[in-house]
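Just so you know, all these numbers are worked out from the coordinates, no wet-lab data involved. Nothing here was measured: the structure is a model prediction, and the numbers come from that model. Don't worry about glycine lacking a Cβ; one is built from the backbone with ideal geometry, like all the others, and counts go over all protein chains shown.
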Amino acid sequence: MIIAFGVELSLRNGYDGTVHFKAKTTELFLHYQKTYHAFPIPAEHYALILFGDEGIPLLNDYKEVAP
């Protein structure tokens, strides 16, 4: 949810939706890479960057399941 909010906030403020974040687990780290094409940031453990075009599907997926 918080990553989707970051994407939305970026878009709302005139940016392209790119976000940088850290996954809490190895499973989430791999999930974000596989499902949303997030790129690992080698200098930081579990850190990923999700570029704007790839963040839109994550935002849409969250909006579909949000109450």
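Some values worked out for this structure:
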{"item": "Charge dipole of the chain about the Cα centre (unit charges at C-beta), most positive-ward option of Met1, Leu59, Tyr36", "result": "Met1"}
{"item": "Neighbour cut-off at most 16 other Cβ (10 Å), DSSP loop, GluC sites (Glu not before Pro), the chain", "result": "Glu44"}
{"item": "Among [x] 17, 14, 11; [y] 19, 14, 10; [z] 32, 21, 9, the entry derived from the coordinates for semi-axes √(5λ) of the Cα gyration tensor in Å", "result": "[y]"}
{"item": "Summed residue charge, Cβ within 9 Å of Gly17's Cβ, Lys/Arg positive, Asp/Glu negative", "result": "-4"}
{"item": "Tilt relative to the chain, helix 26-36 - C-alpha long axis, 0 to 90 degrees, to 10", "result": "50"}
{"item": "Proximal charge balance of Lys34 [Cβ under 14 Å; K/R count +1, D/E count -1]", "result": "-3"}
